[in-house]
1. Mean separation of Cα pairs under 8 Å and 6+ residues apart, divided by the residue count of the chain: what relative contact order is that in percent?
2. Where Lys and Arg each count +1 and Asp and Glu each count -1, what net charge lies around residue 88 among other residues with Cβ under 10 Å from its Cβ?
3. So for the chain, considering every pair of alpha-carbon atoms, how many percent are separated by more than 20 Å?
4. Count neighbours as other Cβ atoms within 10 Å of each site's Cβ, and list the chymotrypsin sites (Phe, Trp or Tyr not before Pro) in segment 1-83 that are DSSP loop with at most 14 such neighbours.
5. Return the calculated 222 nm mean residue ellipticity for the chain, to the nearest 500 deg cm²/dmol, obtained by summing -39500 (n - 2.57) across DSSP H runs with n ≥ 4 and dividing by the residue count.
6. Which percent of the accessible area of the chain is formed by carbon and sulfur heavy atoms (probe 1.4 angstrom)?
7. Just to verify a number: FRET efficiency for residue 72 and residue 32, C-beta to C-beta distance, R0 = 25 Å, to 0.05?
8. Under a Cβ-only charge scheme (Lys and Arg +1, Asp and Glu -1), can you give me the dipole magnitude of the chain about the Cα centre, in debye to the nearest 20?
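The values are calculated or read from the model by the stated rules, or taken from the named source; none is laboratory data. What you see is a predicted model, and the numbers here were worked out from it, not measured in a lab. Cβ coordinates were reconstructed from backbone atoms using ideal geometry, including for glycine residues, and neighbour counts include every protein chain displayed. Heads up: the accessible areas ignore ligands, DNA and RNA and are worked out on the full protein's heavy atoms, side chains in. Shrake-Rupley method; radii C 1.70, N 1.55, O 1.52, S 1.80 Å.
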Amino acid sequence: ISRAKNLYITNTLFWRPPGNRRPTPEELEICKPFVEKHIALMQPELLILAGGTAVAGVLESKESVSGLRKRYHSYRNAYMQKEVPVAVIFHPS
């Protein structure tokens, strides 16, 4: 796996919230169109969401990472023509 060939990493929020707090739903909503376009432009074969913030921002799920792990989900947005499988993992931090 190489960033130059087949890996793309982005965030669901493009700045660090004050005090490194968890992003608010409003902040995630502000960034949502940009995240959706990033994903659509990359046309991924698999989307991996790392942590609760990514899950909340992309899947819009309130379910915990623990509850979403170990199974695949589907993702599609207005800029995409086909669904993409999604895996959820704990954030490495």
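1. After rounding, I find 28 percent.
2. Computed value for this residue: +2.
3. When all Cα pairs of the chain are counted, 35 percent exceed 20 Å.
4. Those that pass, being in a loop and sparsely packed, are 8, 14, 15, 72, 79.
5. One gets -7000 deg cm²/dmol as the mean residue ellipticity at 222 nm.
6. 53
7. Efficiency computed from Cβ-Cβ geometry: 0.70.
8. 280
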